[in-house]
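Contents: one structure, followed by commentary.
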Amino acid sequence: MKSLPSITGNLQAEISQLTSENEKLLAREASLLSQLESIREQLLENNEQISTTMEDILTQLVADQRSQAQADFWEGLNKSDIVFRGLSKSMDDDPELMAAVQAVAADTCTDAQEKTVLFALLTELSGQPPSILSSIAKRAIKYNNKGKLPVRSLAGSDANAPLEVMDLDDTTDAYRQQPVPSLVDSEVKSEGTPGFFYRNSPTAASDAVVGIGSERLPITPTPLRQGLGFGSQANTNTFTQGVPGNQRSASDLLQELYATPPVRPIARPGLGTISAPARTIASPFTHSNRVTKRLKPIKEVAVPTAFVLFMKKLEVAHSQNALPIAEHLKCSKCEQIKRDSRVLNCLHVYCHKCTQKLRVDAEVGSAEHGFKAFCVKPNCSEVVSGKTAVIDADVMELLVWYDKQSPGLTTSTAQMHVFRSVLKKKPTHSMVNGIMEDLKKKMKTREQTGENDEVCNLLEVAKLAKKLGLNS
């Protein structure tokens with residue numbers, strides 16, 4: 001029988017091996033997530049290029065068919081004598097038309113005489129100018145309101161044929177007005193709006209007939225989508241259900257903090273509201289009639305684009321250029337650092353009071369700029385929109401502390417500062433206590449092994465401070 005120290009040594013060796021494998025898997029996960037993000041960016045870029053190319057092709061197609069239609073019209077008009085014979089007959093019956101035609105032929109006509117000749121030509125071509133003018137005017141207004149002219153597919157038709165405008169009824173108009181979803185949007189489902197090529201494909205008509213009267217069924221996420229974080233969040237805590245927050249590992253809790261927002265209820269026509277499954281705590285004492293307790297949902301952080309760009313701007317100034325960032329944190333109007341501030345689309349900071357004053361000035365307007373607001377920062381002529389990114393008090397405190405640190409500040413040190421700040425406000429925050437203990441162990445392990453920690457990622461630390469502030 002093996003001795004207790006031998007068994008303990010073997011267990012420690014296995015724990016060390018598993019810890020090493022866990023770190024390798026985490027590194028692999030980070031690498032795969034980085035690759036996934038680059039693929040998403042490439043998809044978005046390709047989507048934009050495809051949209052631009054399609055618009056250019058459609059614009060060129062309309063222009064080519066329009067030019068060809070005009071050329072065919074004039075060629076057919078010149079080859080036929082019927083129109084000119086009718087026009088000659090009208091000239092004999094109308095002296096005013098005779099004078100107008102003679103003036104046009106001599107290039108001495110007025111605008112009124114030119115319009116008279118054109119109206120006579122239209123009369124010969126259509127036979128009933130008032131009725132056709134009314135129809136043309138109505139359809140022109142209709143297309144002008146809809147935007148681009150719809151063009152029939154060239155598949156199976158003569159490419160040189162004149163442009164043929166489709167007659168749109170109300171159903172088709174509503175169909176054309178549906179927004180086109182992004183290729184990388186997580187809400188895009190396979191039953192989305194068909195594309196341009198699908199609508200013009202030979203199988204589109206048969207598919208439309210089959211789809212009439214059938215109900216859309218909700219699509220369940222595939223394992224691939226769930227694995228990448230697109231599906232339901234019900235499985236994220238499979239191995240941590242029923243475990244108190246202070247006994248969980250930091251990787252689990254940080255993963256919960258940075259997790260993708262839970263799936264919101266989706267209203268589908270005819271099917272009511274489909275909600276995401278709620279996360280529950282599994283009790284160690286199972287009973288058939290026991291009701292499981294619902295976890296308090298973690299509030300997700302909304303990160304506007306201006307907030308992301310502002311944090312990257314501060315990080316570059318502090319970490320790469322070793323410059324102070326206090327001037328960037330001051331309000332551009334009152335020049336003070338306030339706890340509750342806003343970032344405008346020009347990446348300049350305004351306190352809440354000055355932001356309200358800026359909006360009041362924009363509502364009053366001026367004769368020079370009209371009803372617009374301009375940033376008062378010197379050398380900034382950016383037009384300020386109504387959308388702002390909020391810098392919470394917790395984030396502003398972090399930024400003031402960040403300005404006083406050295407450029408070589410690490411992410412772990414910044415995270416530890418955020419956790420300590422939260423514990424000062426709420427000492428009984430068990431989840432933060434558990435994360436801090438695990439983070440201290442990792443920092444100590446890095447010191448012993450000589451492993452370097454990454455330079456502070458200000459955006460991620462700010463998001464952490466923002467999220468802990470919302471949920472504290």
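Sort out which residues of the stretch 409-458 are among the β-branched types (Val, Ile, Thr) and farther than 23 Å from residue 319 by Cα, and write them in order of number. It would help to see each step written out before you state the result.
As a first pass, look at the stretch 409-458 and keep what is among the β-branched types (Val, Ile, Thr): 410-411, 413, 418, 422, 428, 432, 435, 445, 449, 455.
Within the stretch 409-458, 422, 428, 432, 435, 445, 449 qualify.
Checking residue 33 against (1) of a type in the set (A, V, I, L, M); (2) without any contact (Cβ under 8 Å) to a residue 60 or more places away in the chain; (3) farther than 30 Å from residue 453 by Cα, which single condition isn't satisfied?
The number of the failed condition is (3).
Considering only residues that are part of a helix (DSSP H, G or I), over 60 Å from the mean Cα position of the chain (by Cα) and hydrophobic (A, V, I, L, M, F, W, C), which ones fall in the stretch 85-130?
The answer is 91, 97, 98, 99, 103.
Select, from 411, 449, the only residue that is surrounded by fewer than 18 Cβ atoms within 10 Å (Cβ to Cβ) and under 16 Å from residue 467 (Cβ atoms).
Checking each option against the conditions leaves just 411.
Counting just the residues of the stretch 332-357 that are free of Cβ contacts under 8 Å to residues at least 40 places away in the same chain and in a strand (DSSP E or B), which one comes out farthest from residue 374 (Cα to Cα)?
351
Among the residues of the stretch 37-56, is there at least one that is within 30 Å of residue 116 (Cα to Cα), of a type in the set (S, T, N, Q), surrounded by 11 or more Cβ atoms within 10 Å (Cβ to Cβ) and modelled with pLDDT of 85 or more?
Looking through the stretch 37-56, none of the residues is within 30 Å of residue 116 (Cα to Cα), of a type in the set (S, T, N, Q), surrounded by 11 or more Cβ atoms within 10 Å (Cβ to Cβ) and modelled with pLDDT of 85 or more.
Hey, among 376, 432, 390, 383, which residue is modelled with pLDDT under 90 and either crowded, with 19+ Cβ neighbours inside 10 Å or among the aromatic types (Phe, Trp, Tyr) (or both)?
432
Restrict the check to the stretch 3-10 and report whether at least one residue is aliphatic (A, V, I, L, M), part of a helix (DSSP H, G or I) and loosely packed, with under 10 Cβ neighbours inside 10 Å.
Within the stretch 3-10 (the criterion being aliphatic (A, V, I, L, M), part of a helix (DSSP H, G or I) and loosely packed, with under 10 Cβ neighbours inside 10 Å), the answer is yes, since at least one residue qualifies.
Condition first: over 28 Å from residue 305 (Cβ atoms), in contact (Cβ under 8 Å) with a residue 24 or more places away in the chain and not hydrophobic (A, V, I, L, M, F, W, C). Can you find one or more residues in the stretch 463-470 that meet it?
Checked the stretch 463-470: no residue is over 28 Å from residue 305 (Cβ atoms), in contact (Cβ under 8 Å) with a residue 24 or more places away in the chain and not hydrophobic (A, V, I, L, M, F, W, C).
The values are calculated or read from the model by the stated rules, or taken from the named source; none is laboratory data. Remember, predicted model here, so these are calculated numbers, not experimental data. Neighbour counts run over all protein chains shown; Cβ positions are idealised from the backbone, glycine included.
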